[in-house]
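Remarks on the structure that follows.
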Amino acid sequence: MSLFDISDRAAKYQADLLDFMESHIYPAEEVYERQMRESGDPHFQPPILEELKAEARRRGLWNLFHPHPEWGPGLTNLEYAPLAEIMGRSVIASEACNCNAPDTGNMEVLTLFGTDEHKEKYLKPLLEGTMASAFAMTEPAVASSDATNVELSMVRDGGDYLLNGRKWFASNAMHKNCKVLIVMGKTDPTAAPHRQQSMMVVPIDAPGVTVVRSLPVFGYQDREGHAEIEFEDVRVPAKDVLKGEGEGFAISQARLGPGRIHHCMRSIGMAERALELMCKRARSRSTFGKPISENANIQDWIAEARIEIEMIRLLTLKAAHLMDTVGNKEARTEIAAIKVAAPNIALKIVDRAIQVHGAGGVTEDFPLAMAWAHLRTLRLADGPDEVHKRAIARQELGKYRAAEAAATNGQKVTA
């Protein structure tokens, strides 16, 4: 038996999801694009997406990510990973199954740290797919790859907090159904660096909250948006502090671990689709009297893509297995490694698929250009590559520091 053999229930979910992709998701992609174009609104909620959500619920392909049986099927990370990969093959599949970021992370935060009121008012409609949410941590004025830098102030004022500052890249904030933000800010600048931050639940229509603009990414105005938001004397009741004052950094770490593995598996799914499109295009196009699939460099790209996809899939499954068996903290090196490896490798495969498609590859006639933009952005989202590499290097070097310290202590003892 393989270490990564999946359970019978997970295998059934995979089969059901693959059937849903073939019978509904892929045929709906063209309809989705047409409805978006005809609306003239980059943040339009197309009817086809609501139809897909209803079909996914009917098939039991809903909230697949949620680890708690009360809210979803209760799959392990190892069981869910291949499902996230399958959904990653299409930009509309994750939301169709209510498994899209950042709602998934916000639902997990509200499940773990929300009050009964939060769960009734926000978590329940999020789980039902009738509401969307955004996560506001990144700021334009500071290097937010170090979360201790956040400057948005959260000052206690009687039974409330007053929020002042600016966030950006609050993904999902332009979604037509977005009603709530989870906001990270600074409650005590004098505390220890990792105890200065708190997280609060803030309605997006609270007085003083202004959505300034939606930020395009490589020229794309993503439907869910990446909003810049201003907070000006926004009054938040103390009951809406999650977990407690000073717990913001800890919550962010709890939230981002599972989210990173979801992103990575979706990246692998997109890499698989890019490889499929590359092979089909190479077989269907001829130059200089022969199919381009017969060119040695194209065959190299195809072979390398298959090798690299299998490598990152195995590393991601290992990370998922460790998260299930020893916890996110013990799996931190593997989580950091996949967060670097998966988007970079997927990006390279998509880039080569674009090259094989020629001029068509950079148009919206194929999903490759948009996939490239999403994947390139993912090298920054949830921590840039450099932060994860730093964490991995420190973990590796720590082994040698410990050995050197032990050796030094031994010398002192025997002297």
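The values are calculated or read from the model by the stated rules, or taken from the named source; none is laboratory data. The shown structure was predicted, so the numbers you read here are calculated from the model rather than taken from an experiment. Every residue, glycine as well, gets a Cβ built from its backbone with ideal geometry; the counts of neighbours run over all protein chains shown. Note: areas computed on protein heavy atoms with side chains; ligands, DNA, RNA excluded. Shrake-Rupley method; radii C 1.70, N 1.55, O 1.52, S 1.80 Å.
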**Fill in**
Those residues of the range 166-196 which are open to solvent by 30 Å² or more (accessible area, probe 1.4 Å) and farther than 30 Å from Gln221 by Cβ amount to Lys186, Asp188, Pro189, Thr190, Ala192, Pro193, His194, Arg195
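Hey, among His321, His374, which residue is in the same structural domain as Met278 (by the TED database) and either open to solvent by 80 Å² or more (accessible area, probe 1.4 Å) or in contact with a helix residue (DSSP H, G or I) (Cβ under 6 Å, 6 or more places away or on another chain) (or both)?
After ruling out the rest, the residue left standing is His321.
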**Request:** Give just the number: which of (1) among the hydrophobic types (A, V, I, L, M, F, W, C); (2) closer than 27 Å to Met199 by Cα; (3) open to solvent by 10 Å² or more (accessible area, probe 1.4 Å) does Leu315 not satisfy?
**Result:** (2)
**Asked** Is one or more of the residues making up the range 349-370 open to solvent by 50 Å² or more (accessible area, probe 1.4 Å), in a helix (DSSP H, G or I) and of a type in the set (Phe, Trp, Tyr)?
**Response** no
**Request:** From (1) open to solvent by less than 50 Å² (accessible area, probe 1.4 Å); (2) within 28 Å of Ile92 (Cα to Cα); (3) not in a helix (DSSP H, G or I), pick out the condition that doesn't hold for Ala254.
**Result:** (3)
**Request:** Among the residues of the range 35-92, write down those that are under 22 Å from the mean Cα position of the chain (by Cα) and among the β-branched types (Val, Ile, Thr).
**Result:** Thr76, Ile86, Val91, Ile92
**Item:** Residue in the range 324-337 that is surrounded by fewer than 18 Cβ atoms within 10 Å (Cβ to Cβ), among the small types (Gly, Ala, Ser) and over 27 Å from Glu30 (Cα atoms) present
**Value:** yes
**Asked** Is there a residue in the range 146-154 that is in contact with a helix residue (DSSP H, G or I) (Cβ under 7 Å, 6 or more places away or on another chain), modelled with pLDDT of 95 or more and either surrounded by fewer than 16 Cβ atoms within 10 Å (Cβ to Cβ) or in a strand (DSSP E or B) (or both)?
**Response** no
**Message:** Any residue that is in a helix (DSSP H, G or I), in contact (Cβ under 8 Å) with a residue 60 or more places away in the chain and of a type outside the set (A, V, I, L, M) - is there at least one of those in the range 126-143?
**Reply:** no
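Let's see how each residue does on (1) outside the structural domain of Ala84 (by the TED database); (2) at pLDDT 95 or above; (3) β-branched (Val, Ile, Thr); (4) surrounded by fewer than 16 Cβ atoms within 10 Å (Cβ to Cβ):
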{"residue": "Ser2", "(1), (2), (3), (4)": "yes, no, no, yes"}
{"residue": "Glu22", "(1), (2), (3), (4)": "no, yes, no, yes"}
{"residue": "Tyr32", "(1), (2), (3), (4)": "no, yes, no, no"}
{"residue": "Gln35", "(1), (2), (3), (4)": "no, yes, no, no"}
{"residue": "Gly40", "(1), (2), (3), (4)": "no, yes, no, yes"}
{"residue": "Arg58", "(1), (2), (3), (4)": "no, yes, no, yes"}
{"residue": "Trp62", "(1), (2), (3), (4)": "no, yes, no, no"}
